[in-house]
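First up is the structure itself, then whatever we jot down about it.
The values are calculated or read from the model by the stated rules, or taken from the named source; none is laboratory data. In this text, all values refer to a predicted model and were calculated from it rather than measured experimentally. Here the Cβ positions follow ideal geometry from the backbone for every residue, glycine too, while neighbour counts run over all protein chains shown.
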Amino acid sequence: MARLAQTAGLTDIQQEILSTVRDFVDKEIIPVATELEHRDEYPQQIVDGLKELGLFGLMIPEEYGGLGESLLTYALCVEEIARGWMSVSGIINTHFIVAYMLKQHGTQEQKDHFLPRMAAGDIRGAFSMSEPGLGSDVSAITSKAVKDGDEYVLNGQKMWLTNGGTSSLVAVLVRSDEGHPEGTAPHKSMTTFLVEKEPGFGEVRPGLTIPGKIDKMGYKGVDTTELIMDGLRIPANRVLGGETGRGFYQMMDGVEVGRVNVAARGCGVAQRAFELGVRYAQQRHTFGKPIAQHQAIQFKLAEMATKVEAAHAMMVNAARKKDSGERNDLEAGMAKYLASEYCKEVVEDSFRIHGGYGFSKEYEIERLYREAPMLLIGEGTAEIQKMIIGRRLLEEYRFQG
Ligand SMILES: Cc1cc2nc3c(=O)[nH]c(=O)nc-3n(C[C@H](O)[C@H](O)[C@H](O)COP(=O)(O)OP(=O)(O)OC[C@H]3O[C@@H](n4cnc5c(N)ncnc54)[C@H](O)[C@@H]3O)c2cc1C
């Protein structure tokens with residue numbers, strides 16, 4: 001796309017990284033994405049290519065073998081990748097969140113142990129908060145850790161782990177009562193455990209089972225799984241940050257950067273939907289002219305492009321705010337909310353421009369149509385974003401009368 005979604009003020013290095021990623025997306029992802037998606041096939045070759053490009057270590061500090069890049073660089077890469085295939089950005093996303101949580105909250109030993117191999121893409125991360133009975137209401141988590149000597153024994157069932165099968169490190173949020181007596185606020189009695197496991201399905205470590213892939217309407221290729229802990233023993237030095245009771249805050253910090261990332265995915269998918277729509281509108285003729293020459297279709301294209309621009313600007317703003325060291329929960333919430341809603345609308349409009357062909361599996365828009373709804377849910381639904389935005393606004397604009 002020549003004109004839309006440009007970002008002013010990028011350094012030479014950022015531009016170079018983005019142009020390499022864009023090239024990779026155009027050559028290695030777009031040509032195979034729809035076929036792999038229809039077969040629900042894991043894109044191993046693409047993942048190997050991303051590893052070679054160093055993308056798994058993009059934001060991991062250089063001292064641990066990463067590229068030490070900013071959240072903005074990361075988000076712009078994610079936008080490019082999602083333009084090619086959203087599932088591929090999902091493969092990197094949970095890895096990035098776990099690496100970020102380790103960087104921010106891990107003990108020195110945990111950073112030294114995990115980050116270099118995560119930067120190389122040899123250890124891949126997933127994170128697990130949701131359970132069968134809860135997603136939005138994280139404070140209702142029922143999975144539990146009980147201390148037993150130098151270890152904790154974990155029991156409970158988790159749901160919706162993106163990369164649950166392919167990862168080898170899962171950051172799992174559970175309730176831990178030790179040191180936090182009955183009656184402690186739920187968010188102060190949660191702990192994140194760094195659970196190492198073999199990739200794959202079945203019993204991947206004694207006491208830990210990944211039953212299999214959940215069959216989804218879209219977001220295919222990337223595996224999403226349950227996780228069952230039945231007497232899973234984790235050493236005390238695998239409590240993230242070495243201290244129990246801090247898990248809720250650590251996860252929320254991770255999810256906050258994850259929201260910028262989901263916004264970036266929404267931007268990428270919307271851009272691709274626009275590209276497909278504007279191309280098709282100039283190829284398809286009705287009533288003696290290309291449909292792009294009918295004002296109703298031109299108006300659709302105008303609305304789509306405006307949404308692509310607006311979402312991109314908000315996403316960039318949220319990333320830059322975090323990079324400057326400021327709190328960005330308001331901006332990240334707004335960007336995630338707007339980009340995911342706009343993405344769904346732009347995809348819908350592009351689908352309509354395609355007429356009956358949009359319904360055919362031969363056309364890429366069919367895949368995008370099934371992928372966009374995931375962005376409305378992941379990293380917090382629209383309602384949850386609005387709760388965060390609303391609360392922050394009331395803090396900022398407190399009535400002083
Ligand atoms: C493909 C996929 C991948 C995922 N990957 C992961 C992952 O890697 N790790 C992970 O931990 N989770 C993951 N999730 C789970 C995801 O985060 C949750 O699905 C999401 O947070 C919503 O939770 P829920 O599905 O339980 O819906 P619920 O919380 O039950 O919500 C149902 C509806 O009620 C609304 N609602 C809930 N509370 C309120 C309220 N207070 N006010 C108004 N409306 C409300 C919601 O917005 C929604 O519309 C994934 C989900 C999917 C579909």
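Give the range 104-129 a look and list any residue that's surrounded by fewer than 18 Cβ atoms within 10 Å (Cβ to Cβ) and within 21 Å of Y249 (Cα to Cα), or say none.
Hits for the range 104-129 are Q104, T107, Q108, E109.
So which residues in the range 187-205 are touching a helix residue (DSSP H, G or I) at 6+ places or on another chain (Cβ under 8 Å) and under 23 Å from D150 (Cβ atoms)?
M190, T191, T192, F193, L194, V195, E196, listed by residue number.
Does the range 16-54 hold any residues that are in contact (Cβ under 8 Å) with a residue 60 or more places away in the chain, among the hydroxyl-bearing types (S, T, Y) and assigned to a helix (DSSP H, G or I), and which are they?
Matches in the range 16-54: T34 only.
Do we find that I91 is within 16 Å of the ligand (Cβ to nearest atom), farther than 14 Å from M251 by Cβ and outside the structural domain of F201 (by TED's automatic domain parsing) in this structure?
yes
For the condition in contact with a helix residue (DSSP H, G or I) (Cβ under 8 Å, 6 or more places away or on another chain), under 23 Å from L55 (Cα atoms), within 15 Å of the ligand (Cβ to nearest atom) and modelled with pLDDT of 95 or more, what is the one hit in G125, G218, G133?
The unique qualifying residue is G125.
Check the range 311-331 and report whether any residue there is without any contact (Cβ under 8 Å) to a residue 24 or more places away in the chain, surrounded by 14 or more Cβ atoms within 10 Å (Cβ to Cβ) and out of contact with any Lys or Arg (no Cβ under 9 Å at 6 or more places or on another chain).
Yes, because at least one residue in the range 311-331 is without any contact (Cβ under 8 Å) to a residue 24 or more places away in the chain, surrounded by 14 or more Cβ atoms within 10 Å (Cβ to Cβ) and out of contact with any Lys or Arg (no Cβ under 9 Å at 6 or more places or on another chain).
Identify, by number, the condition in (1) within 11 Å of the ligand (Cβ to nearest atom); (2) surrounded by 23 or more Cβ atoms within 10 Å (Cβ to Cβ) that T224 doesn't meet.
The one condition T224 does not meet is (2).
Just the residues that are of a type in the set (S, T, N, Q) and more than 18 Å from K321 (Cβ to Cβ), please, taken from the range 247-300.
Result: Q250, Q271, Q282, Q283, T286, Q293, Q295, Q298.
Select from the range 200-222 the residues that are assigned to a strand (DSSP E or B) and of a type in the set (V, I, T) and list them in ascending order.
Once the filter is applied, which keeps residues that are assigned to a strand (DSSP E or B) and of a type in the set (V, I, T), the range 200-222 yields V204, T209, I210.
Can you name the strands (runs of 3 or more DSSP E) wholly within the range 141-199 that have at least 3 residues being crowded, with 23+ Cβ neighbours inside 10 Å and either within 16 Å of the ligand (Cβ to nearest atom) or in the same structural domain as G90 (by TED's automatic domain parsing) (or both)?
The strands (runs of 3 or more DSSP E) meeting that bar are 151-162, 169-176, 190-196.
Any idea how many residues of the range 70-98 are surrounded by 23 or more Cβ atoms within 10 Å (Cβ to Cβ) and assigned to a loop (DSSP other than H, G, I, E, B)?
1
Any residue at all in the range 268-278 that is surrounded by fewer than 19 Cβ atoms within 10 Å (Cβ to Cβ) and in the same structural domain as L154 (by TED's automatic domain parsing)?
Looking for residues that are surrounded by fewer than 19 Cβ atoms within 10 Å (Cβ to Cβ) and in the same structural domain as L154 (by TED's automatic domain parsing), one finds none in the range 268-278, hence no.
Inside the range 363-395, can you point out the residues that are of a type in the set (A, V, I, L, M, F, W, C), more than 12 Å from the ligand (Cβ to nearest atom) and over 19 Å from the mean Cα position of the chain (by Cα)?
I365, I389, L393, L394
Restricting to the range 130-140, and then to whatever is small (G, A, S) and touching a strand residue (DSSP E or B) at 6+ places or on another chain (Cβ under 6 Å), can you tell me which residue is surrounded by the fewest Cβ atoms within 10 Å (Cβ to Cβ)?
A140
Among the numbered criteria (1) in a strand (DSSP E or B); (2) out of contact with any Gly (no Cβ under 9 Å at 6 or more places or on another chain), which single criterion is violated by E226?
Result: E226 passes all but (2).
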